[in-house]
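Scroll down for the structure; my scribbles are underneath it.
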Amino acid sequence: MISLVNFSTVFFHILISLGITFLYHFVFHFDSILSLLIFLPLLGAFIIAWLPSENQTFMKTVGLVTTGITFLLSLGLWINFNKSISKFQFVEVLNYWFPWDSNSSTSLYLGVDGISLFFILLTTLLIFLCLLSSWENIHTYLKEYLIAFLVLESLLLGVFMILDLLLFYILFEGTLIPMFIMILIWGSRERKIRAATMLFLYTLLGSVFMLAAILYIFWSVGTTDYQVLVAASSFSPFEERLLWLAFFLSFATKVPMLPVHIWLPEAHVEAPTAGSVILAGILLKLGTYGFLRFSLPLFPEANIYFLPFVYTLSVLGVIYTSLTAIRQTDFKRIVAYTSVAHMNIVMIGIYSFNLIGLGGSILQSISHGFVASALFLIIGVVYDRFHTRLIKYYSGLVHFMPLYTIIFLFFTMANIALPGTSSFVGEFLILTGSLKENTTVTFLGATGMVLGGAYSLWLFNRIVYGNLKKDEGHLHLKYSYDINRREFYVFLPLILGTLVMGIYPKIFLDPLDASLLNLVFQCKS
């Protein structure tokens, strides 16, 4: 009889061997790297599903190793990416999915360009950090928790790689299922059922119209192949506007824009810390990615027609959610509303229709993935210790959590776009690009930076400074409560990413240039 320890060791060695095999395959064979990235997390989920539930440490190790290898493979995409090419790279034709059908219309394509590259990198990094941050926090239904994250990673990577409208929709909606389960089971309060239901209904109902539009496109053109549609499809102005609206309802709900933003604060407040990181860091980017990938190149005339509408909603979103954030009393709800404000600034950059604004919108999206994720992790640190997110119970953390305070201050400054941080680069490029199109929108959008300083500094001041509240409310302070080594390692990549993008954004902008030039040409053609 093989003991549980030996059984776990054997599986661990098998996983390491598979990881080495995947790395070898990547180094010497680039043909199927994208499918490897998609299926590697599924392989990890399959292994975890067969492991004994009692061996929690080993299951967490398998999940962490799997996501770590996936992140390293995704870095290889960046290293081997040809920044002078605007076309999709690492393209895979998945005809073997349909061995019984030789009709090319059933072929599925995977590909990466400058627009999708950094969203893939952000996904693999944040999933890895989420599992690392959950190492000591999740004990109930741990196996299901790890499987949910690994399946979610595969779905998200598929969304950013797939070059087919119908399969994009399936993967796009498929991400709702693990996120719904995550909030429903591991949510923190009794309102988690309501929050999970709002997340599911808002995003699903908005996407029903996109499904109808995709089916109409298939019946009209005869294919849902993205590359064929961009190159050859032409719709009447009336058709374009209807199709644009159908796609807009889905993507605007994910961003989210007013008035379909209500689900996000509820979902953030009830989700576990890692779930909030995924919501802010990746899932909101599905909306902006959808606008960049589909709405702009497929419906150029409709984009111009609806430009005032998009600008109006974006500006209202920036101002309204920033003012709403100032009056919140829940730590998480404040950061949730700031996420809405920052993503609406991204929308202003996307609809500037020029290289500067579009580049700034992608950089700001990635920066928001770093900064907002870090802020939710900062909330998670104190919640794990004190089990409350109400600001009134916190004060004077600087006295016994100095390292925590330094990290909190750094990301507070990044959140208000301090020069030298990634948010400054993104917002500066967005406002510069939008200034060429509409000075009024630029001025109103810039108020988000002013209001951002108000709610960010107000929050930091109330949490960090003041007198200690010993034995008051939920707090029982101890001087050993500063962040530990594992938590520091979680924050370190986010700090480095925020600094590198803020100080030397060229390494992020260069891979974007060719793809964005091509996108600008498609928008104005």
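Points worth noting:
- Out-of-range pairs (alpha-carbon distance over 28 Å; input LYS285/LYS506; LYS83/LYS436; LYS60/LYS87; LYS87/LYS506): LYS60/LYS87
- Spatial separation of Cα centroids for segment 187-238 and segment 295-334, in angstrom: 19 Å
- Carbon/sulfur fraction of accessible area - segment 337-441, other protein chains in place, 1.4 Å, %: 70 percent
- Distance histogram for segment 170-213 (every C-alpha pair counted, 10 angstrom bins, percent rounded to whole numbers): 28, 49, 19, 3
- Taken about its Cα centre, the chain carries a charge dipole of about 1300 debye when Lys and Arg each add +1 at the Cβ and Asp and Glu each add -1 at the Cβ.
- Span-like helix ranges in the chain, DSSP H, alpha carbon extent 30 angstrom or more, Kyte mean at least 1.6: 4-28, 192-221
- Computed from label points 7 Å out along Cα-Cβ, the spacing between THR439 and TYR305 is 3.1 nm.
- Read-out Cα extents along the principal axes in Å, derived from the coordinates shown; its label in (1) 69, 68, 42; (2) 69, 61, 50; (3) 128, 56, 51: (1)
- Distance from segment 389-449 to segment 498-525 (C-alpha centre basis), Å: 22 Å
- Free of any GluC sites (Glu not before Pro) that DSSP assigns to a loop and that have at most 14 other C-beta atoms within 10 Å, the longest stretch within the chain is 191-471.
- TRP244 contributes an accessible area of around 0 Å² to the protein surface, as traced by a 1.4 Å probe with all chains present.
- Dipole magnitude of segment 371-525, debye to nearest 20 (Cβ charges: Lys/Arg +1, Asp/Glu -1, about Cα centre): 340 debye
- Relative to the compact-globule estimate of 2.2 N^0.38 Å, the Cα radius of gyration of segment 277-413 comes out at 1.22.
- Label-point gap, in nm, between THR312 and VAL230 - each point 7 angstrom along Cα→Cβ: 3.1 nm
- Inter-site label distance for ARG191 and HIS139 at 7 Å from Cα along Cβ, in nm: 2.8 nm
- Positive-pole candidate from THR223, ILE495, VAL398, dipole of the chain, charges at beta carbon: VAL398
- Around the Cα centre of segment 205-310, unit charges on the Cβ atoms of Lys, Arg, Asp and Glu (plus for the first two, minus for the last two) sum to a dipole of about 120 debye.
- Among PHE88, LEU184, GLY359 the positive-end extreme of the charge dipole of the chain (Cβ point charges): LEU184
- Loop-resident sites, segment 363-431, for chymotrypsin sites (Phe, Trp or Tyr not before Pro), counting at most 16 other Cβ within 10 Å (DSSP): PHE400
- Cross-link partners for LYS192 among the aspartates and glutamates, with Cα-Cα distance under 12 Å and sequence neighbours closer than 8 places in the same chain left out: GLU266, GLU270.
- For the chain, the 222 nm mean residue ellipticity estimated from helices alone, with every DSSP H stretch of n ≥ 4 adding -39500 (n - 2.57) and the total spread over all residues, rounds to -24000 deg cm²/dmol.
- For ARG385, solvent-accessible area (1.4 Å; no DNA, RNA or ligand), Å²: 40 Å²
The values are calculated or read from the model by the stated rules, or taken from the named source; none is laboratory data. What you see is a predicted model, and the numbers here were worked out from it, not measured in a lab. Heads up, the Cβs are rebuilt from the backbone with ideal geometry, glycines too, and the neighbour counts pull from every protein chain shown. Note: accessible area is taken over every heavy atom of the protein model, side chains too, but ligands, DNA and RNA are not part of it. Shrake-Rupley method; radii C 1.70, N 1.55, O 1.52, S 1.80 Å.
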